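S.K.: Mind looking over this structure? Questions follow.
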Amino acid sequence: MRAVFVDASETLAAVARRLLRPDDPPFAINLQPDIAPEDLPALLAGAEVAVIDHTALPVAVARACPSLRHAVFLGTGARSYMDPEALQAECGVTVHTIKGYGDTAVAECAFALLWAAARGLPEMDRAMRAGRWLRTEAIQLTGKTIGLIGFGGIAAEMARLCRGAGLRVLAWNRTPKTHPGVEFVPLERLLAESDVVSLHLLLTEETRGFLSAARIAALKPGAILINTARGVVIDEAALVEALRAGRIAGAGLDVFTVEPLPADHPLASLPNVVLSAHSAFRTPEASDNLIGAALDHCRRIAGG
């Protein structure tokens, strides 16, 4: 069996080289993070496994890779880049995802975005670098309520951090759950009562556009919105309108409908928005977990 890491960055390639074992199946690393999908058939010639970080794998491209039988996606959001059911049904390609590798890293990023938005730190930083002594009115978070929409491993870590900082934690999940120190409530109540709302939803057809214009309008006036899930779970145009109008006090966003975020995007010009470049999961610890799990997938596949 042969595997190819099709779109490795220097950082992830170095992790893979360090974690590879002498008895592992052949594992090629392609240092081309911006590879185009149409270039994959040549790269994957004779390979049974494609390890994919962020490159799209359309069905038409998979059909042109006759030896391909497995796609190991580095993360949980494979649906942003491929259609797992169609790949299985039409090409015989099984898509594997990796869960839990960056729960702490992503939660810490969401937590940092929350505090930066509440304190207005990016706006003050920009002003001071431009020679202006800008002092903004902050939001004190101790005693406030945070609502977590979706409750998996990342949300559980976010709840731990927020409870430690003195916030009351509400949560809503599509299936019933319990968790120490977290009160699970109907979505309508969460939106109405939360001073902060943080999104932790997997992307599915049901969650695409989940935070609609109507649900944004139902947020508590002056709330802060945090998104480290996927950009398309929010109606971005409605979010921009609410931020401009001041109905939402601020937002901390790591993910966007279009990535990279265009320089002329309205979100980039709003002073009450904190932006990060879909990097919540990027820590050395999370990278080790991620690549280690991908290599374990390859080992299991090779072992039948």
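The values are calculated or read from the model by the stated rules, or taken from the named source; none is laboratory data. Note that the structure is a prediction, hence the values are computed from the model and not measured. Cβ placement follows ideal geometry from the backbone for every residue including glycine, while neighbour counts extend to all protein chains displayed. We work out accessible area using only protein heavy atoms, side chains counted, and drop any ligands, DNA or RNA first. Shrake-Rupley method; radii C 1.70, N 1.55, O 1.52, S 1.80 Å.
S.K.: Across every pair of different alpha-carbon atoms, what Kirkwood hydrodynamic radius in Å does segment 53-186 reach?
M.R.: Working: mean 1/r = 0.0550 Å⁻¹.
18.2 Å is the Kirkwood radius here.
S.K.: For segment 1-68, with every protein chain kept in place, what is the accessible area per residue (1.4 Å probe, Å²)?
M.R.: Values: 3140 Å² over 68 residues.
With all protein chains present, segment 1-68 gives 46 Å² per residue.
S.K.: Then there is this: On average, how much accessible surface per residue is there in segment 89-211, in Å², for a 1.4 Å probe, leaving out ligands, DNA and RNA?
M.R.: Values: 6160 Å² over 123 residues.
So segment 89-211 comes to 50 Å² accessible per residue, rounded to a whole number.
S.K.: Now, a different point. With +1 on each Lys and Arg Cβ and -1 on each Asp and Glu Cβ, how big is the dipole of the chain about its Cα centre, in debye rounded to the nearest 20? The partial results should precede the final answer.
M.R.: On the way: 29 positive and 33 negative charges, 170 e Å.
In debye, rounded to 20, the chain gives about 820.
S.K.: Also, I was wondering about something else. Name the residues of segment 259-294 whose amide N is less than 14 Å from a point 7 angstrom out from the Cα of ALA14 along the C-beta direction?
M.R.: 283-285, 287-288
S.K.: How large a share of the accessible area of segment 47-188, in percent, is made up of carbon and sulfur atoms when the probe is 1.4 Å and the other protein chains stay in place?
M.R.: Numbers: 3590 of 6800 Å².
On segment 47-188, the fraction of accessible area on carbon and sulfur atoms equals 53 percent.
S.K.: On each of the three principal axes of the Cα atoms of segment 114-241, give max minus min coordinate, whole Å, ordered largest first.
M.R.: In descending order, the Cα extents are 51, 33, 24 Å.
S.K.: Could you work out the equivalent-ellipsoid semi-axes for the chain, taking the square root of 5 times each eigenvalue of the Cα gyration tensor, largest first, in whole Å? Before the final figure, lay out the partial values.
M.R.: Values: eigenvalues 279, 85, 70 Å².
Output for the chain: semi-axes of 37, 21, 19 Å.
S.K.: OK, next. Based on Cβ point charges of +1 for Lys and Arg and -1 for Asp and Glu, what charge dipole magnitude is obtained for segment 125-263 about its Cα centre, in debye rounded to the nearest 20? Each step should come with its number before you reach the end.
M.R.: Working: 17 positive and 14 negative charges, 82 e Å.
Dipole about the Cα centre, nearest 20: 400 debye.
S.K.: Here's something else I'd like to know. Over the Cα atoms of segment 168-304, what is the Rg over Rh ratio if Rh follows Kirkwood? The partial results should precede the final answer.
M.R.: Numbers: Rg = 17.4 Å, Rh = 16.7 Å.
Radius of gyration over Kirkwood radius for segment 168-304 works out to 1.04.
S.K.: Rounded, prolate or oblate, given the Cα gyration tensor of segment 103-155, with a/c below 1.5 counting as rounded?
M.R.: oblate
S.K.: Another question, then. For LYS99, LYS144, write out the residues from largest to smallest accessible area, computed with a 1.4 angstrom probe and no ligands counted.
M.R.: Values: LYS99 160, LYS144 65 Å².
Output order, biggest surface exposure first: LYS99, LYS144.
S.K.: Loop-only check: which trypsin sites (Lys or Arg not before Pro) in segment 239-298 are DSSP coil with at most 12 other Cβ within 10 angstrom? Could the numbers behind the result be given before it?
M.R.: Numbers: sites: ARG244, ARG247, ARG282; in loops: ARG247, ARG282.
Nothing satisfies the criteria.
S.K.: Under the 0.36 nm per residue contour assumption, what length would be gained going from the current alpha-carbon distance of VAL258 and LEU187 to full extension? Numbers along the way, then the final one.
M.R.: Working: separation 71, 0.36 × 71 = 25.56 nm, distance 2.68 nm.
Full-extension gain reported as 22.9 nm.
S.K.: According to the square roots a ≥ b ≥ c of the eigenvalues of the Cα gyration tensor, what is the shape class of segment 1-96, taking rounded for a/c under 1.5, prolate for a/b larger than b/c otherwise, and oblate for the remainder? Could you put the intermediate results ahead of the total?
M.R.: On the way: a/c = 1.65, a/b = 1.44, b/c = 1.15.
Taking the square roots of the gyration eigenvalues as a ≥ b ≥ c, segment 1-96 is prolate.
S.K.: So which trypsin sites (Lys or Arg not before Pro) in segment 157-221 end up in coil per DSSP with only 16 or fewer other C-beta atoms within 10 Å?
M.R.: Working: sites: ARG160, ARG163, ARG168, ARG174, LYS177, ARG189, ARG208, ARG215; in loops: ARG174, LYS177, ARG208.
When the trypsin sites (Lys or Arg not before Pro) of segment 157-221 are filtered for loop state and at most 16 Cβ neighbours within 10 Å, ARG174, LYS177, ARG208 remain.
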